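The structure that follows is given in the form of structure tokens.
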Amino acid sequence: AQRVTQPEKLLSVFKGAPVELKCNYSYSGSPELFWYVQYSRQRLQLLLRHISRESIKGFTADLNKGETSFHLKKPFAQEEDSAMYYCALQVASNTGKLIFGQGTTLQVKP
Amino acid sequence: ETGVTQSPTHLIKTRGQQVTLRCSSQSGHNTVSWYQQALGQGPQFIFQYYREEENGRGNFPPRFSGLQFPNYSSELNVNALELDDSALYLCASSSGGAGGEKLFFGSGTQLSVL
């Protein structure tokens, strides 16, 4: 079965602390994985994708096929990082068919 | 460049009724995907339209149907509404039937079924 699991509904950290948002997936094919973010009163938007291997707003995510994970990390959290984060798996190439996890709310306290 | 716009923003319907939600894609985009997001859940893929043809469908019954017009705007129609259809409906546009990395989302239509 194709599935994305984000085990934490809420992650609360202090400003400057490291952040790791967990994402595990289940998929028999070659996965394409993404992190989407939704800031307060804004639209859902792409944060990063594993293929590009880039760092966006200080966030990185490494695909670990052995552990079927794609955790999102940032070494020093900022208050403006507070948002809802969704991990998503693309299951059909060249379509917009994404399977999203349930999302994790990141709360960064001052 | 205009972004993805959805209308209406909120809607209240009664069980058994029919509803039509609308989406205007971002300028230059020819592909529209629709998602349903129930409270506390991630978005669930309903279907995608590319150049006016359905191009992929999720696990939704046939009473969920769609259209895409020559200007690439789109409609989502839901017949025989059920209480569980209450959700936020998101539209996302992209170009060329592209994958997830190029999806641009609208703000959504909040549908309440009573």
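Report the dimensions of chain B along its three principal axes from the alpha-carbon atoms, largest first, rounded to Å.
That gives 37, 25, 25 Å along the principal axes, largest extent first.
Just to be sure I understand the model, the point goes 7 Å from the Cα along the line to the Cβ. What's the resulting A:LYS15 to A:GLN45 distance in nm?
2.1
Next question. Using a 10 Å cut-off around each Cβ of peptide A:85-92, what is the average number of partner chain Cβ atoms that fall inside?
Working: counts 0, 3, 1, 6, 1, 4, 4, 6.
Across the residues of A:85-92, the mean count of other-chain Cβ atoms within 10 Å is 3.
Okay, moving on. Across segment A:4-14, in residue order, what do the Karplus-derived ³J(HN,Hα) couplings come to in whole Hz, using 6.51 cos²θ - 1.76 cosθ + 1.60 with θ = phi - 60° and x for Gly and Pro?
My calculation for segment A:4-14 gives 10, 10, 10, x, 9, 7, 9, 10, 10, 9, 8 Hz in order.
Ok, one more. Near the amide H of B:LYS13, under 5 Å away, which other amide H atoms are found, from residues 5 or more places off or on another chain, if H is placed in the peptide plane?
B:SER112, B:VAL113, B:LEU114
Take the alpha carbon gyration tensor of chain A, find the square roots of its eigenvalues, order them as a ≥ b ≥ c, and report rounded if a/c is under 1.5; if not, report prolate when a/b exceeds b/c, else oblate. Write down the numbers at each step before the final one.
Details: a/c = 1.84, a/b = 1.67, b/c = 1.10.
Here chain A falls in the prolate category.
Short version: ³J(HN,Hα) in whole Hz for each residue of segment B:63-73, in order, from phi by Karplus 6.51 cos²θ - 1.76 cosθ + 1.60 (θ = phi - 60°), x for Gly and Pro, what are they?
With the stated coefficients, segment B:63-73 comes to 5, 9, 9, x, 8, 10, 9, x, 8, 6, 5 Hz.
I need the calculated FRET efficiency for the pair A:SER52 and B:GLN41, taking r as the beta carbon distance and R₀ as 30 Å, to the nearest 0.05.
Values: r = 27 Å, r/R0 = 0.90.
According to the calculation, E is roughly 0.65.
Over the protein assembly as shown, what number does the Rg to Rh ratio reach, with both radii from the alpha-carbon atoms and Rh per Kirkwood?
Numbers: Rg = 17.5 Å, Rh = 17.9 Å.
That ratio equals 0.97.
So how do A:GLU20, B:GLU82, A:GLU67 rank on accessible area, 1.4 Å probe, biggest first, that is with the largest at the start?
A:GLU67, B:GLU82, A:GLU20
Can you pick out the pairs among A:LYS9/A:LYS57; A:LYS9/A:LYS65; A:LYS97/B:LYS102 whose Cα atoms lie more than 18 Å from each other? The partial results should precede the final answer.
On the way: A:LYS9/A:LYS57 22 Å; A:LYS9/A:LYS65 23 Å; A:LYS97/B:LYS102 12 Å.
Distance filter (> 18 Å) returns A:LYS9/A:LYS57; A:LYS9/A:LYS65.
Might you report the magnitude of the Cβ-based charge dipole of chain B about its Cα centre, with Lys and Arg at +1 and Asp and Glu at -1, to the nearest 20 debye? Don't skip to the end; give the middle numbers.
Values: 7 positive and 9 negative charges, 29 e Å.
In total the dipole reaches around 140 debye.
Can you tell me the dipole magnitude for segment A:1-79 around its Cα centre, using point charges on the Cβ only (Lys, Arg +1; Asp, Glu -1), in Debye to the nearest 20?
Working: 12 positive and 7 negative charges, 45 e Å.
That gives a dipole near 220 debye.
Here's another thing I want to ask about it. Heavy atoms only, 1.4 Å probe, whole protein assembly: order A:ARG53, A:ARG41 by accessible area, highest first. Intermediate results must be reported in sequence, preceding the final value.
On the way: A:ARG53 185, A:ARG41 225 Å².
The residues order as A:ARG41, A:ARG53, largest area first.
Filter the trypsin sites (Lys or Arg not before Pro) in segment B:41-114 to those in DSSP coil with at most 12 other Cβ atoms within 10 Å of their Cβ, and list the result.
Working: sites: B:ARG51, B:ARG57, B:ARG63, B:LYS102; in loops: B:ARG51, B:ARG63.
Of the trypsin sites (Lys or Arg not before Pro), the ones in loops of segment B:41-114 whose Cβ has at most 12 other Cβ atoms within 10 Å are B:ARG51.
Using a 10 angstrom Cβ neighbour count of at most 15 plus a DSSP loop assignment to flag exposed chymotrypsin sites (Phe, Trp or Tyr not before Pro), which longest range of chain A is free of such sites? Show your work: numbers first, answer last.
Values: sites that count: A:TYR39, A:PHE76.
Result for the longest clean stretch: A:1-38.
Please find the FRET efficiency linking B:PHE60 to B:LEU114, where r is the Cβ-Cβ separation and R0 is fixed at 35 Å, and quote it to the nearest 0.05. Can you show the working numbers first?
Numbers: r = 21 Å, r/R0 = 0.60.
The computed FRET efficiency comes out at 0.95.
Can you tell me the dipole magnitude for the protein assembly as shown around its Cα centre, using point charges on the Cβ only (Lys, Arg +1; Asp, Glu -1), in Debye to the nearest 20? Intermediate results must be reported in sequence, preceding the final value.
On the way: 21 positive and 18 negative charges, 51 e Å.
Once rounded to the nearest 20, the dipole reads 240 debye.
Towards the positive end of the charge dipole of segment A:2-79, with charges on Cβ (+1 Lys, Arg; -1 Asp, Glu), say which of A:SER55, A:GLY66, A:GLN45 has the farthest Cα.
Projecting each Cα onto the dipole axis, the largest value belongs to A:GLN45.
The values are calculated or read from the model by the stated rules, or taken from the named source; none is laboratory data. Since this is a predicted model, take the numbers as computed values, not measurements. Reconstructed Cβ throughout: ideal geometry from the backbone, glycine too, with neighbour counts over all protein chains shown. In case anyone asks, the SASA skips ligands and DNA or RNA and just uses the protein heavy atoms, side chains included. Shrake-Rupley method; radii C 1.70, N 1.55, O 1.52, S 1.80 Å.
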